[in-house]
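Remarks on the structure that follows.
The values are calculated or read from the model by the stated rules, or taken from the named source; none is laboratory data. Quick caveat: nothing in here was measured; it's all calculated off a predicted structure. Note that we place each Cβ from the backbone using ideal geometry, even for glycine, and neighbour counts take in every protein chain shown.
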Amino acid sequence: GKTVVALLAMARAVEAGGQAALMAPTEILARQHLATIAPLAEQAGLRIAILTGREKGRERTETLTGLANGEIDVVVGTHALFQQSVTFHDLVLAVIDEQHRFGVHQRLAITAKGDAPDMLVMTATPIPRT
């Protein structure tokens, strides 16, 4: 549910002319988010990409170029999103999943990639065991 809510918020950000990023603490979770939202995003006409430590070479270069020139609307990734080499054309929304797994400086680092972008932080609600 929360991933789809994040997608709706990111779609709204793109509709307003900007870009959005969804940052997850692990590559596995980032790829799960991508698998969930990519089909919906693509049907809505959103251009989506992934950026983790696994992307190398030409694939990484194409993603970085697409983010910098605005060809990519939504990017899903890990800590790789706030590395120095990552530049956004116009980041207006940063969604942080499992925000408790990121430090304050890491959350600020992703928002520093835009001009005061909005931030949506998400966390899983623990289910008590009986």
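If I go through segment 1-35 residue by residue, how many of them are more than 10 Å from the chain's Cα centre (by Cα) and of a type in the set (G, A, S)?
Residues meeting the conditions: 8.
Please tell me if L46 is modelled with pLDDT under 95 and within 21 Å of A9 (Cβ to Cβ).
In short, no.
Within segment 33-49, can you find the residues that are over 13 Å from V4 (Cβ atoms), in contact (Cβ under 8 Å) with a residue 12 or more places away in the chain and surrounded by fewer than 17 Cβ atoms within 10 Å (Cβ to Cβ)?
Once the filter is applied, which keeps residues that are over 13 Å from V4 (Cβ atoms), in contact (Cβ under 8 Å) with a residue 12 or more places away in the chain and surrounded by fewer than 17 Cβ atoms within 10 Å (Cβ to Cβ), segment 33-49 yields only R47.
Quick one: would you say E62 is in contact with a helix residue (DSSP H, G or I) (Cβ under 9 Å, 6 or more places away or on another chain), of a type outside the set (V, I, T) and without any contact (Cβ under 8 Å) to a residue 60 or more places away in the chain?
No; evaluated as a whole, the condition is false for this residue.
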